[in-house]
Amino acid sequence: MSSAECVRLAVHASGVAEIVINRPERHNAMTLQMYEALLEHIGACVRNPAVRSVLFKGAGGKSFISGTDIGHFKDFQGGRDGIAYEAFVERVIDAVERIAVPTVAVVDGWAVGGGLALATACDFRVCSDASRFGAPIAKTLSNTLSSRNIARLQAALGVPRVKRMLLLADHLTAQEALACGYVHAACTPGELDAAALALTGRLMALSPVTHKAVKESIRRIVVEQRLDDDDLIEEVYGSQAFRDGVAAFIGRA
């Protein structure tokens, strides 16, 4: 199956874009070619003004994304290969995080390793009630996550849960992820698409100007430890959407 067949994009009339990872026979493990296809689809969504929300999904009902295909690592010669690999993965996670419109990871099954990182880079997550979240690298490859991805996990889950996932190679159940706020909703597999669309419907009814600014502020704070925001504030308060909002509010008073 080609990378184009393994990573598919559909843009619906509603304004919802769906990016589907379709390699269920390998638990939706990602090859570098699939990551490149994913980047292309993200770019297409970013350039398309009709796209107002993006869903990330995994096909097959057993896994969202199980991380990078292990075959990629067999030719590694040393630590510099790891640096290059993590930089490549960061390109992908950063691209997801920088999407200006709301993003939702629709998780049915396992979200592991790179799949966990990608789900965490989304604004919201909805999952089936049998889903699991983890990165059991301490008992599999003996590799690590980048500090940026650990920072994202820490912001979303808290240090104790991140240590449990990375040091104990444990996983979170859907119910645990829901209880701590990492997951927005957990439901049966048959209800999953409806839950995701209901969430995107709520999001698309709200201000895209506010969404863009808040998303970028959070990204800077969590990943780059930056507080500079003059450009974001200027863009928001200089927007027609802000002027229209003020006028509409005063008109209702």
For region 243-251, in residue order, the Karplus 3J(HN,Hα) values (coefficients 6.51, -1.76, 1.60; θ = phi - 60°; whole Hz; Gly and Pro = x) are 4, 5, x, 4, 4, 5, 5, 5, x
Highest mean packing first, using Cβ neighbours within 10 angstrom, the peptides 30-36, 120-126, 76-82 sort as 120-126, 30-36, 76-82
One finds, for SER217 and ALA155 with R0 = 22 angstrom and r their Cβ-Cβ distance, a FRET efficiency to the nearest 0.05 of 0.95
The helix 79-97 Cα axis meets the longest alpha-carbon principal axis of the chain at an angle in degrees, between 0 and 90 and rounded to 10, of 30
In whole Hz, the Karplus estimates of ³J(HN,Hα) for region 63-74 (6.51, -1.76, 1.60; θ = phi - 60°; x where Gly or Pro) are 8, 6, 8, 9, x, 7, 4, 4, x, 5, 8, 5
Between the Cα axis of helix 147-157 and the main Cα principal axis of the chain, the angle (0 to 90°, nearest 10) is 70
In region 103-253 the accessible area split gives carbon plus sulfur, as whole percent at 1.4 Å, a share of 60
The set of residues whose placed amide H lies less than 5 Å from the amide H of VAL107, leaving out same-chain residues fewer than 5 positions away, is VAL126, CYS127, SER128
Stretched fully, the stretch from ASP94 through CYS180 gains (0.36 nm per residue minus C-alpha distance, one decimal, in nm) 28.6 nm
Expressed per residue, the solvent accessible area of the chain in Å² (1.4 Å probe) is about 51
Note, region 163-178: 3J(HN,Hα) by Karplus (6.51, -1.76, 1.60, θ = phi - 60°), whole Hz, Gly/Pro = x, goes 5, 4, 6, 8, 8, 8, 6, 8, 10, 9, 7, 4, 5, 5, 5, 5
Inter-part gap, Cα centre of region 102-158 to Cα centre of region 25-101, in whole angstrom, is 13
Rounded to 0.05, the calculated FRET efficiency for the beta carbons of ALA10 and ILE83 at R₀ = 30 Å is 0.30
Checked against the structure, the computed Cα extents along the principal axes in Å among (i) 79, 42, 36; (ii) 63, 41, 36; (iii) 51, 38, 34 is the one labelled (ii)
Taking Lys and Arg as +1 and Asp and Glu as -1, residues besides ALA138 with C-beta under 14 Å from its C-beta add up to +2
Counting all Cα-Cα pairs in region 1-122, those more than 19 Å apart amount in percent to 44
1/(1 + (r/R0)^6) with r = Cβ-Cβ of ALA169 and ILE250, R0 = 41 Å, i.e. FRET efficiency to nearest 0.05, evaluates to 0.15
Measuring from the longest principal axis of the C-alpha atoms of the chain, the long axis of helix 32-47 (C-alpha) lies at a number of degrees, nearest 10, equal to 0
The Cα extents of region 69-157 along the principal axes, largest first and rounded to whole Å, are 38, 30, 22
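The values are calculated or read from the model by the stated rules, or taken from the named source; none is laboratory data. Note that the structure is a prediction, hence the values are computed from the model and not measured. All Cβ positions, glycine included, derive from the backbone under ideal geometry; neighbour counts span all protein chains shown. Surface areas here come from the heavy atoms of the whole protein model, side chains and all, with no ligands, DNA or RNA. Shrake-Rupley method; radii C 1.70, N 1.55, O 1.52, S 1.80 Å.
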